[in-house]
Amino acid sequence: MSENNEETTTIGARLKAARTAKGLTIDDLQQITKIQKRYLIAIEDEQFDKLPGDFYVRAFVKQYAETVDLDGNALLEEYRDQLPSVHTETIVENVDEVQPTRVASREQPASPASRVRNYLPTIIVTAIVVLILLFIWFMAVRTHAGSSSSTSADSSSVQVSSSKKQSSSSKASSSAKSSSKASSAKEQTIKANDSSDTAYTLTNGADKNKVVIKSTKAAWTSVTTNGTQTWQGTLKADGSHTLTLPSNATTVKFQFGNATATTVTINGKAFNFNPKNSTSQVRTITLTIK
């Protein structure tokens with residue numbers, strides 16, 4: 001056993017020493033792990049009877065250990081005599097399995113009225129197109145009935161009119177294609193707002209931007225889109241998580257519990273959210289999408 005283990009022989013003291021060495025407070029640890037402060041204090045004081053149950057004792061201890069750069073599984077094995085035993089020793093790898101996200105907890109089936117509202121724009125557009133087609137048909141029938149004595153002249157007029165419409169439609173289609181090509185040629189950029197190193201703007205992104213989060217060490221991360229939490233969890237060392245932002249995303253907030261060990265790419269391109277090389281571990285970054 002190492003010299004450090006000889007000084008802190010209990011699991012609570014061992015965890016507390018590791019937390020102090022990383023310069024983290026109990027409040028910092030609560031923000032990173034999402035484990036309630038009173039449970040973290042109970043773990044350090046080894047008052048395991050104050051936790052929700054024996055299973056959560058081992059789950060919370062493992063989560064605590066990995067956040068302060070200790071081997072969670074090795075620690076549980078080393079101090080198994082000090083911890084309550086459980087019949088099923090499946091250790092929670094992600095804090096999401098212990099504490100479901102707020103998004104998942106409030107998901108509810110869509111009501112019939114909500115489904116109708118979702119399809120209402122399509123219904124309105126379809127109705128307008130039908131009305132236009134009926135009007136064109138009515139005018140064509142009326143014109144044909146009133147010009148039976150001058151079929152040749154009217155036919156020529158209709159052909160000229162049709163030719164002009166086709167030419168106009170062709171030009172409009174060509175213009176739309178040119179505009180689409182010009183738009184697709186624009187390159188995605190992410191720039192800091194003024195001199196800020198916490199606020200950025202993404203331009204020329206995808207319709208649904210793909211975000212990949214990687215970490216070289218155990219790191220907690222949260223992603224909130226338009227004020228609603230999209231994902232949060234703790235990555236293991238050399239772990240990664242991929243998510244796709246919704247097409248209506250305008251503001252994305254990233255919260256990092258170990259920012260110096262975390263990298264982010266958006267649509268395959270690196271998002272340098274720490275250009276000033278800040279050494280702060282807990283950071284919040286806001287990204288505006290245009």
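Quick rundown of the values:
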| read-out | value |
| --- | --- |
| Residues located in the range 188-205, provided they are modelled with pLDDT of 90 or more and open to solvent by 50 Å² or more (accessible area, probe 1.4 Å) | K191, N193, N204 |
| One residue from T265, T251, T244, T260 being in contact with a strand residue (DSSP E or B) (Cβ under 7 Å, 6 or more places away or on another chain) and open to solvent by 70 Å² or more (accessible area, probe 1.4 Å) | T244 |
| Members of the range 208-231 that are within 19 Å of D71 (Cβ to Cβ), in a strand (DSSP E or B) and of a type outside the set (G, A, S) | W220 |
| Looking only at the range 245-263, and only at residues there that are assigned to a strand (DSSP E or B) and at pLDDT 85 or above, the one that is nearest to A65 (Cα to Cα) | Q255 |
| The range 251-284, residues that are closer than 21 Å to D207 by Cα and either free of Cβ contacts under 8 Å to residues at least 24 places away in the same chain or touching a Phe, Trp or Tyr at 6+ places or on another chain (Cβ under 8 Å) (or both) | F254, V264, T265, A270, F271 |
| Test: T234 is in a strand (DSSP E or B), open to solvent by 50 Å² or more (accessible area, probe 1.4 Å) and either small (G, A, S) or more than 23 Å from S195 (Cβ to Cβ) (or both) | no |
| Listing of helices (runs of 4 or more DSSP H) fully contained in the range 26-77 that carry 1 or more residues being modelled with pLDDT under 90 and over 29 Å from V223 (Cβ atoms) | 54-67 |
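The values are calculated or read from the model by the stated rules, or taken from the named source; none is laboratory data. Nothing here was measured: the structure is a model prediction, and the numbers come from that model. With ideal geometry, Cβ positions are generated from the backbone for all residues, glycine too; neighbour counts draw on all protein chains shown. Note: accessible area is taken over every heavy atom of the protein model, side chains too, but ligands, DNA and RNA are not part of it. Shrake-Rupley method; radii C 1.70, N 1.55, O 1.52, S 1.80 Å.
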